[in-house]
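Before any comments, here is the structure.
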Amino acid sequence: MTRLVIRGFVVLKSHLSPEAQSELIEALRPVLKAAPPFFPTTPSGKPMSVRMTSAGRLGWLSDKSGYRYGPQHPKGIDWPAIPAPILRLWDEVTGLDRRPDSCLINYYGEGARMGLHQDKDEADFSWPVVSVSLGDDGLLRIGNPTRGGKTESIWLSSGDVVVMGGPARLSYHGVDRIRFKSSRLLPKGGRLNLTLRVVE
């Protein structure tokens, strides 16, 4: 495993073994079945290219009402619990007693991307956000705490974990593209990105 720090983002390359990655995929299957991923729309009504769902007490939502967390999937069902292996990973990389309220699950298919944004819908920014990459490589772009200025990019591969905390907690970041079918973890290709957040 290699530990890199880019603008305060702690990147743990190859943190998860192939076996640990497969364990997470198996743990996610019932979550994805109970709360199927959907295409959110931005407040302006534009559909996102990334499919999303959540696990935990709260899930992240976006529609014409704005960006927010809520207790239920758009289909009106409670979000499934965060699987135990994912919580253990949070414990391992953060060392915190406080566990996350939400695990946002993003699926990037061919051509999907995520523009530069801040994770700022949470109540307390002193808690880190932990990001887990599974499947195809994704090009993470890291910006600044304010919009604009120079950015840096790094390819994230399956098994990489990123911890965003401290001054980097509110830095702009996004995913410019994926290398579709660069990994064999997901039979149909694509990238799963898990982000663990303390919401309240």
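When you go through Gly111, Gly190, Gly165 one by one, which is the residue that is small (Gly, Ala, Ser), buried (at least 16 other Cβ atoms within 10 Å of the Cβ), under 25 Å from Phe38 (Cβ atoms) and modelled with pLDDT of 95 or more? It would help to see each step written out before you state the result.
Numbers: Gly111 fails: buried (at least 16 other Cβ atoms within 10 Å of the Cβ); Gly165 fails: under 25 Å from Phe38 (Cβ atoms).
Result of the check over Gly111, Gly190, Gly165: Gly190.
What are the residues in region 161-200 that are assigned to a strand (DSSP E or B) and either more than 14 Å from the chain's Cα centre (by Cα) or among the hydrophobic types (A, V, I, L, M, F, W, C) (or both), if any? Give the derivation first.
Taking region 161-200 and keeping what is assigned to a strand (DSSP E or B), we get 161-164, 173-178, 191-197.
Across region 161-200, the qualifying residues are Val161, Val162, Val163, Met164, Val175, Asp176, Arg177, Ile178, Leu192, Leu194, Leu196.
For region 169-198, which residues satisfy the criterion of being within 24 Å of Arg147 (Cβ to Cβ), touching a Leu at 6+ places or on another chain (Cβ under 8 Å) and of a type outside the set (Lys, Arg)? Don't jump to the end; show me each part of the working.
Start the filter on region 169-198 by keeping residues that are within 24 Å of Arg147 (Cβ to Cβ), which leaves 169-178, 193, 195, 197.
Of the ones still in play, those that are also touching a Leu at 6+ places or on another chain (Cβ under 8 Å) are 172-178, 193, 195, 197.
Tyr172, His173, Gly174, Val175, Asp176, Ile178, Asn193, Thr195, listed by residue number.
Restricting to region 8-57, what's the tally of residues that are among the aliphatic types (A, V, I, L, M), over 21 Å from Leu116 (Cα atoms) and either touching a His at 6+ places or on another chain (Cβ under 8 Å) or outside any strand (DSSP E or B) (or both)?
10
Can you list residue pairs whose Cβ atoms sit under 9 Å apart, with the first residue in region 171-185 being over 21 Å from Glu152 (Cβ atoms) and the second being of a type in the set (A, V, I, L, M) and not in a loop (DSSP other than H, G, I, E, B)? Count only pairs 6 or more apart in sequence or on different chains.
Here the result reads Ser183/Leu134; Leu185/Ile25; Leu185/Leu134; Leu185/Leu192, each pair linking region 171-185 to a residue that is of a type in the set (A, V, I, L, M) and not in a loop (DSSP other than H, G, I, E, B).
Against the conditions (1) crowded, with 18+ Cβ neighbours inside 10 Å; (2) closer than 20 Å to Pro187 by Cα; (3) among the aromatic types (Phe, Trp, Tyr), where does Phe38 fall short? Just the number, please.
Here Phe38 clears every test but (1).
Output yes when any residue across region 32-45 is out of contact with any Leu (no Cβ under 9 Å at 6 or more places or on another chain), touching a residue at least 40 places away in the same chain (Cβ under 8 Å), over 23 Å from Gly138 (Cβ atoms) and charged (D, E, K, R), and no when none is.
no
The values are calculated or read from the model by the stated rules, or taken from the named source; none is laboratory data. Just so it is clear, the model here is predicted, and its values are computed rather than measured. Virtual Cβ from ideal backbone geometry, glycine too; neighbours counted across all protein chains shown.
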